[in-house]
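To keep things clear, I will list the structure first and then write my remarks on it.
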Amino acid sequence: PRHQRHAEATRRAVTAWGLEVFCREPRHYSGSLTAVLMPDGHSADRFRRTVADAFDMSLGGGLSKIADRVFRIGHLGDFNDLMLAGTLAGVEMGLERAGVPHQKGGVQAALDFLVSEAGMADAGRAAAE
C-alpha cells in the first residue's frame, strides 16, 4: 500500500545519495520509517540539528548502539507524495548544507519511482483499499 510505496521511494533516494539504508535484510524494510547510516566521521545528530535549524524539519535520531550514527526519515500516517517529496528535498538540502558526502539526485530518484508505472500501480491499489 501507500506506506510501502513511500518507503520504496525513500530507499531509492537514499541509494541515489550514495548512502546506506540501515537494515541488514531487505525483507525487514519498514514501511513506517527508513534509517539512514551516516558516512564515517559524520554525526547524525549534527546533521539533524542542521536540518532543523535551516529548514524547520525534524528527523528521527538513532537509539542506543546506533545513536549519532543514523537518522530516520518517517513516512507513516497522514502523508502523501508531495509531503514525501518535500521531506526528501529537506534531507538532500541538509546533506549539502552540513557537508555530508553524498551524490545529488535522491529526490529525483524518488520522484521517478512515484510517477512510474510501478509506483502508480501501487498508488492505485492503495486508493482501492
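The values are calculated or read from the model by the stated rules, or taken from the named source; none is laboratory data. Everything numeric here is computed off the predicted structure, so don't read it as measured data. Every residue, glycine among them, receives a Cβ derived from its backbone with ideal geometry; neighbour counts consider all protein chains shown. To get the accessible areas, we keep the full protein, side chains included, count just its heavy atoms, and leave off ligands, DNA and RNA. Shrake-Rupley method; radii C 1.70, N 1.55, O 1.52, S 1.80 Å.
In this label model, Asp56 and Arg27 are separated by 4.5 nm, measuring between points 7 Å along each Cα→Cβ vector.
Comparing mean-square fluctuations of Ala52, Ala13, Ala35 from a GNM of the chain with C-alpha springs under 10 Å, the top value falls on Ala52. Counting heavy atoms of the protein chains alone, Asp112 has an accessible area of about 80 Å² for a 1.4 Å probe.
Heavy atoms only, probe 1.4 angstrom, no DNA, RNA or ligands counted: give me Thr15, Thr87 ranked by accessible area, highest first.
Thr15, Thr87
Dividing the helix sum by the residues of the chain, where each DSSP H run of 4 or more adds -39500 (n - 2.57), gives a mean residue ellipticity at 222 nm of -16500 deg cm²/dmol. Using the alpha-carbon positions of the chain, Rg (one decimal) and Dmax (whole number) come out as 14.1, 46 Å. In this structure Arg97 has an accessible area near 150 Å², from a 1.4 Å probe over the protein heavy atoms.
Using a ≥ b ≥ c from the Cα gyration tensor of segment 6-63 (square roots of the eigenvalues), is it rounded, prolate or oblate, where a/c under 1.5 gives rounded and otherwise the larger of a/b and b/c decides, a/b for prolate?
Taking the square roots of the gyration eigenvalues as a ≥ b ≥ c, segment 6-63 is prolate.
Distance between the modelled labels on Leu82 and Asp45, one decimal in nanometres: 3.7 nm (7 Å Cα→Cβ projection).
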